[in-house]
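Here the structure comes first, spelled out in structure tokens, and everything after it is commentary.
Each reported figure results from applying straightforward, stated rules to the coordinates on display, with no laboratory input. All figures in this text were calculated on a predicted structure; none of them were measured in a lab. Cβ atoms come from the backbone with ideal geometry, glycine included; neighbour counts cover every protein chain shown.
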DNA sequence: TAAATACTGAACCATATGGTTCAGTATATT
DNA sequence: AATATACTGAACCATATGGTTCAGTATTTA
């Protein structure tokens, strides 16, 4: 049986699957921000934004630090190296598939068969 | 020219957030496979595997074709270009943040403050 | 024609997600 | 001291996810 374990990628890809969270990363790339400021920018309750930040923190994409009553968020040191590596390694597989001869053959066979399923 | 509408990053990052689905992509990189074969490899029911394939299909990462009673799965033409581009563009933001001077300053300030929250 | 194979669909389950409100606590500010 | 600000936590809600079983349908194969 083929098993693939890589919890960090689970968490970071899941974190990146939400447009608000990608927006937060975008924003933090332009400068650190408090949770309140981010909540205002994304028109969301403080509590809602806090949850997004927690997801990003668990994924290691964002780190926070509370000073006084303000929690400041910034991009995490971890970066997106592991994600970039996975994607790049697998892009090659995608490309390799389409250089293969059987690709052309299977394209030819497609006529008359159920291409898209139910 | 054929145009491929790249489904939003939401779908592909969500698809990639599951280790089984990353494994399926890995496997399809080594050759096309039926749903039954994948279900066997990943020790899962046919129905369970079918759902994973549907998620990958909606994200455009896998295409399937049914011939006779067998549905064959292969890597989609779309590839991982959009995802790679997003990641690469944002890696730069992460790196830029850590070149900044305020990074060093904030690291120094961290002593004695609530680093990790609740 | 009968039986095996490969998939499909519906229903169910436990847990997670993305959001909210409401009620706190801790920290400034006046 | 009183008020305002910034966050925290619990509870709730609707929907999605990752899996299952069970009951089909369609297509080989014997």
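Using the count of nearby Cβ atoms within 10 Å as a rough guide to exposure, how do A:17, A:12 rank from fewest to most?
A:17, A:12
From the label point of residue A:67, set 7 Å along Cα to the beta carbon, how far off in nm is each other copy's matching point, shortest first?
Distances to the matching label points in the other copies: 6.4 nm.
Can you list the distances in nanometres, one decimal and ascending, from the residue A:46 label point to the identical position in each other copy, with the point 7 Å along Cα to Cβ?
Taking the point 7 Å beyond Cα along Cα→Cβ, the inter-copy spacings are 5.5 nm.
Distances from residue A:81 to the same residue in each other copy, label points 7 Å out along Cα→Cβ, in nm, shortest first?
Counterpart label points of residue A:81 in the remaining copies fall at 2.9 nm.
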